[in-house]
């Protein structure tokens, strides 16, 4: 820490870099001792792999088939739907679009949310305005508004991504801001202010790395919430009719009136949603526990 | 007619909102014995009543409930022909004067006799106040109505129109003058309390999101001995057809008013204690190509699109064989009197579609795709259309045409339809009972359901003549010629007539089945005659 007292940006950087691998290793050591965390990570990785290699697992479900509403069998692992399409293929390609929606919506929400958060924390005058805006957004009834916007604009992948991002960033912003506020008051940030006149540099070099763990947790949680919301919208018929998603499989099962006869049309997409949301939640809890010295017991 | 379009579009927007309440509504309660006339019939529906005023109602449940209180002058047979109901005779005394002779034995539930004055009042009030229901749409050439005796009403027309008497008689509900007359404008009267009914039932209790209770009204001339066989009808609101089917199986309801999804017909036919009734279809499903949008004004492009739909697959897979081809004609085979069997359906032939597009001057790219992309709107509350919309897209892709289906929430769908904001409109009409009337609404330039935006002088001439003539044979020739034009020029791509199925508990008998989901087994004359055997 001597280098920090010397108050040169370069040495502060060096200390940061030197500390980071040690902290990361401690976090990883703690994380890997948590079987639930590992399980969640494997599950998420599996879903990502399924999304990436979907064409190798099944051919794209389109048109119609002759075997209508058949239960799971060797030919159709997850059975067939009311138009004779393979539910397994629908779930596989649904993974792809669910992941895409999650990634798109999360990326946008994180970029907006983090930008607003660090600016609010660093520039006090911004905080007043953005604080009110974030409070306003957080008090809105999100689901009805999402339904309204999606219904008015019309369903498409872009609409869904934009709608989800639009309603997700305030939460990211609130969480990251509270962490960032604590950081900007620390002496080393004051020291950095003396070293440079560029707030951007301080935000990039000091503030963002300090809040990175919170951002990581936000990414995972926002993604899982985005998948849930997207499934909800698709179930209401407001998903993209041109791409398969887990919510669309559920919506079509409901529309066909076959929900109680053909349990397989709803069980497998529901399990996929459950797997993703549980895995994301467990992963973020495990990561949070692992990086916190108080809970990792090292 | 707007209501027709809306009605068939389905129900789920309200359903979604009312679902949570509806789900906890039913409690298992065995129906009372019907032998003593004290039974209660419980019917499932998926929407609440939006309007209790039959002149402005626009959901299926509105129609089903208000029909039990406000009679129609005419009803309809399975072939679309008009049958007596409140009116016993109807017709024209000269080209601009029509008449109805009505029964003299009907009374409103408060004891006031139902007379020709009520009929005349209803028609004049609708003409004056312009409520947004179907009836007003039928009154374009109607000037005024006058009760010339307690049982005869005469209608003056502004110009000869053979469609007014049958269509107004069928679509219009007659309302009590002594109640509606005090309320001011019939377009604004909510009619949400103290209902007065001409039978067979009268609404007495409303629990929004849960149930609607109607009590028996006597005398009702269409019931045995003038007394409806059940004392009470309870409409119960359920979130969707899945929960309705579950409730029927559990015995929580005795019948489902909504048509069954095609895929559920066979399983329910096999279910113990459930009877499935076939309801003849009297409407059609169609794709309307918006001719205001280039290049859909080009007949070759429209013909190419017509050859790029696998109609057989849609009927076989989506509709489970419960639909019949109309030969790509707007006059369905069920309208035996008018149907022209010489018109053949467009074949599913992607190669032919490609050739037509090449003839129209389009060239496909290396991947076989033409530079043509169309946005097709449909209502998300219409589950059958929502299912075949994706098949239409996939079939068109085989001909190198891009179709982008856009499923919309019902109100957005209606707004976009009104604004003409679509390339292709996919939907269906519940009842298209009379070709001349339907064609004036679908194919005349200002027709209220002219979704193709067709404005062709030869077609307009034929339709206008057909509307004006009261000679049936002459009218048949004219509407058949018009149908051929529609077929050849693809002014409308009519795909099929769907036969519907409804289900009830097997211990209930005596249902009278009438065409379309609007009438089916819940028509007043049917519900006045049902019996429970246990």
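Bear in mind these aren't lab numbers, they're just calculated from the coordinates by the rules spelled out. Keep in mind the model is a prediction, meaning the values are calculated, not measured. Here Cβ is always computed from backbone atoms with ideal geometry, including for glycine, and neighbour counts include all displayed protein chains.
Per 0.36 nm of contour for each residue apart, how much would the distance between residue B:112 and residue B:358 grow if the chain were fully extended, relative to their Cα-Cα spacing?
Extra length available between residue B:112 and residue B:358 comes to 81.6 nm.
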So, with points 7 Å from each Cα along the Cβ direction, the residue B:89-residue A:62 label distance in nm works out to 6.4
Exercise: per-residue mean of other protein chain Cβ atoms within 10 Å, B:72-85
0
Note down the nm distance, to one decimal, between modelled labels 7 Å out along Cα→Cβ at residue A:49 and at residue B:78.
6.0
Under 8 Å for C-alpha pairs, at least 6 residues apart: give me the relative contact order for the stretch A:2-296, rounded to a whole percent.
27
Residue-averaged 222 nm ellipticity for chain A, from DSSP H runs of 4+ at -39500 (n - 2.57), nearest 500:
-25000 deg cm²/dmol
Across A:81-91, the residue-averaged tally of Cβ atoms belonging to other chains within 10 Å stands at 2
Based on the mean of other Cβ atoms within 10 Å per residue, sort peptides B:71-78, B:376-383 so the most packed one is first.
B:376-383, B:71-78
Obtain the radius of gyration and the Kirkwood radius of the stretch A:33-73 from its C-alpha atoms and give Rg over Rh.
1.21
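Based on the alpha-carbon gyration tensor of the stretch B:262-381 and its eigenvalue square roots a ≥ b ≥ c, which shape applies: rounded if a/c is under 1.5, prolate if not and a/b is larger than b/c, or oblate?
prolate
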Expressed to one decimal in nm², the mean projection of the alpha carbon convex hull of the stretch A:237-281 is 3.4
Could you rank the peptides B:259-270, B:361-372 by their average count of other C-beta atoms within 10 Å per residue, with the highest value first?
B:259-270, B:361-372
Pop a pseudo-label 7 angstrom from the Cα along the beta-carbon direction at both residue A:208 and residue A:75 and give the gap in nm to one decimal.
5.5
Could you work out the mean count of beta carbons from other protein chains within 10 Å of each residue's beta carbon in B:256-262?
2
Out of A:177, A:62, A:96, any idea which swings most in a Gaussian network model of chain A, alpha carbons joined below 10 Å?
A:62
Shape of the stretch B:74-183, Cα gyration tensor, a/c cut at 1.5
rounded
Asserting the computed 222 nm helical MRE of chain B (DSSP H runs at least 4 long, -39500 (n - 2.57) per run, divided by residue count, to nearest 500) equals -9000 deg cm²/dmol
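Just check the stretch B:404-534 against the gyration tensor rule for me: Cα atoms, a ≥ b ≥ c as the square roots of the eigenvalues, rounded for a/c under 1.5, and otherwise prolate or oblate depending on whether a/b exceeds b/c.
Taking the square roots of the gyration eigenvalues as a ≥ b ≥ c, the stretch B:404-534 is oblate.
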Compute the distance from the alpha-carbon center of the stretch B:87-102 to that of the stretch B:362-407, in whole Å.
48
Descending Cα extents along the principal axes, the protein assembly as shown, whole Å
110, 66, 57
With the Cα gyration tensor of the stretch A:118-230 in hand, give its eigenvalues times 5 under a square root as the equivalent ellipsoid semi-axes, listed largest first in whole angstrom.
33, 14, 11
Added length on full extension, which subtracts the Cα-Cα distance from 0.36 nm per residue, residue B:146 to residue B:182
11.1 nm
What FRET efficiency comes out for residue B:127 versus residue A:153 if R0 is 51 angstrom and r is the Cβ-Cβ distance? Round to the nearest 0.05.
0.85
Distance between the stretch B:460-534 and the stretch B:226-249 - C-alpha centres, whole angstrom
24
Which FRET efficiency value, to the nearest 0.05, do you get for residue B:513 and residue A:274 by plugging their Cβ-Cβ distance into 1/(1 + (r/R0)^6) with R0 = 45 Å?
0.55
By the mean-Cβ-within-10 Å protection proxy, highest first, B:405-415, B:494-504 rank as B:494-504, B:405-415
Chain A: projected area of the alpha-carbon convex hull, averaged over directions, in nm²:
18.3
